[in-house]
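Just below is one structure, and these are the notes that go with it.
The values are calculated or read from the model by the stated rules, or taken from the named source; none is laboratory data. Note that this is a predicted model, so its numbers are computed, not measured. A quick note on method: Cβ atoms are made from the backbone with ideal geometry, for glycine too, and the neighbour counts reach across all protein chains shown.
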Amino acid sequence: MFKKNKHGIQVKTPEQLEKMRAAGLVVGRTLQLLRESVKPGVTPLDLDAIAEEFIRSQGAVPSFKGYQGFPATICASVNDEVVHGIPRDVRKLREGDIISIDCGAILDGWHGDSAITVPVGEVAPELTELLRVTEESMWRGIAALTVGRRLSDIGYEIERYVRAQKPRYGIPPEYGGHGIGTEMHMDPWVANHGRPGKGPRFEAGMCFAIEPMVNLGTEKTRVLADEWTVVTIDGKPSAHFEHSVAVTHNGPWVLTAIDGGEERLTQLREGAAESGTSGQKP
């Protein structure tokens, strides 16, 4: 049985969350392997093959492959490609590139979904900062997933952090996170921007994929002729980070992080305590 609350959001039992954690760990370990495999000379298609082999070796199934016709196990988006890049072998990764790798897996009927952006060798300082800002904004959004807060608090915390940084970054408004569970994409859609205190309140057992995409330049994007790959219209690089997260009475449980998100979330809590604020809005 799959319970949904009055807003149509799936609410998992503790036993179901454990199954989602197992799927999440497959994804987290796959991305760990892919991070180690990124280097000059490797192609996105090479990474795709590594991902599929590992996911299947864990008894899981790639959730992206065949999804609405998508042809690969991972999305591999290089430099100005924001999301949904199709892995190909026409161009090898080069020193100074960045590559966003989005990965999903199904285990025992439950989904995990996560993404990282990885530098290829040494990259320009502005790209290092872009990756830092994007990943940190994700963690700020994740930290909002506490019982009683509201859905729009996620996007508010992401946007608030990104807008406080220099230079001014672009947040593509049409892309965001989503509910996750027995399907990869479930209600509700999770914006990466907006005002706080709006939408359904979080309940223990809800799960969301939190995934900010941040551009070095404009927020405006377009979709290429392959009908999948999203690129920035100014040709500037973009970064993407994502984790699948469960709401629990003890705070967020990051299902796709190897440590469950404990280290980073503890740092955020301690930082908020030192500054004398909770880091939360009602």
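Observations, loosely collected:
- Residues located in segment 237-266, provided they are assigned to a loop (DSSP other than H, G, I, E, B) and not polar (S, T, N, Q): PRO237, PHE241, HIS249, LEU255, ALA257, ILE258, ASP259, GLY260, GLY261
- Residues satisfying the stated conditions in segment 184-203, i.e. crowded, with 16+ Cβ neighbours inside 10 Å and either of a type in the set (Gly, Ala, Ser) or under 16 Å from the mean Cα position of the chain (by Cα) (or both): MET184, HIS185, MET186, PRO188, VAL190, ALA191, ASN192, HIS193, GLY194, GLY199
- Scope segment 49-69; condition of a type in the set (Lys, Arg) and either part of a helix (DSSP H, G or I) or surrounded by fewer than 14 Cβ atoms within 10 Å (Cβ to Cβ) (or both); matching residues: ARG56
- Some residue of segment 258-266 being in contact with a Leu (Cβ under 6 Å, 6 or more places away or on another chain), touching a residue at least 40 places away in the same chain (Cβ under 8 Å), more than 30 Å from GLY69 (Cβ to Cβ) and not aliphatic (A, V, I, L, M): no
Condition check ((1) polar (S, T, N, Q); (2) in contact with a Phe, Trp or Tyr (Cβ under 7 Å, 6 or more places away or on another chain)) across all residues:
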position	(1), (2)
LEU93	no, no
ASP97	no, no
THR117	yes, yes
THR128	yes, no
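- Contact annotation: residue pairs with Cβ atoms under 7 Å, 6 or more positions apart or on different chains, pairing a residue in segment 191-203 that is within 11 Å of ILE154 (Cα to Cα) with a partner that is of a type outside the set (A, V, I, L, M) and modelled with pLDDT under 95, are PRO196/LYS281; GLY197/LYS281; GLY197/PRO282.
- Taking first residues from segment 41-63 that are more than 17 Å from ILE116 (Cα to Cα) and partners that are at pLDDT below 95 and acidic (Asp, Glu), no Cβ contact under 7 Å between residues at least 6 apart in sequence or on separate chains turns up.
- Taking the criterion of being in contact with a helix residue (DSSP H, G or I) (Cβ under 9 Å, 6 or more places away or on another chain) and under 22 Å from ILE154 (Cα atoms), the residues of segment 205-232 that qualify are GLY205, CYS207, PHE208, ILE210, GLU211, PRO212, MET213, VAL214, ASN215, LEU216.
- Qualifying residue in segment 112-125 (condition: farther than 25 Å from GLY176 by Cβ and in contact (Cβ under 8 Å) with a residue 60 or more places away in the chain): yes
- For LYS166, the conditions (1) at pLDDT 95 or above; (2) under 18 Å from GLU135 (Cβ atoms) all hold with the exception of (1).
- Candidate set from segment 21-48 (those that are among the small types (Gly, Ala, Ser) and more than 22 Å from ASP108 (Cα to Cα)); member that is surrounded by the most Cβ atoms within 10 Å (Cβ to Cβ): SER37
- Of the residues making up segment 5-20, those that are at pLDDT 95 or above, closer than 17 Å to VAL147 by Cβ and either acidic (Asp, Glu) or loosely packed, with under 12 Cβ neighbours inside 10 Å (or both) number 1.
- Of the residues making up segment 225-233, none is at pLDDT 95 or above, in contact with a strand residue (DSSP E or B) (Cβ under 7 Å, 6 or more places away or on another chain) and within 24 Å of ALA23 (Cβ to Cβ).
- PRO87 being in contact with a helix residue (DSSP H, G or I) (Cβ under 8 Å, 6 or more places away or on another chain), assigned to a loop (DSSP other than H, G, I, E, B) and either at pLDDT below 95 or over 27 Å from ASP259 (Cβ atoms) (or both): yes
- Within segment 100-146, the residues that satisfy the criterion of being surrounded by 19 or more Cβ atoms within 10 Å (Cβ to Cβ), among the small types (Gly, Ala, Ser) and outside any helix (DSSP H, G or I) are SER100, GLY104, ALA105, GLY112, SER114, ALA115, ALA144.
- Selection from segment 53-94 of residues that are in contact with a Lys or Arg (Cβ under 9 Å, 6 or more places away or on another chain) and more than 22 Å from PHE241 (Cβ to Cβ): GLN58, PRO71
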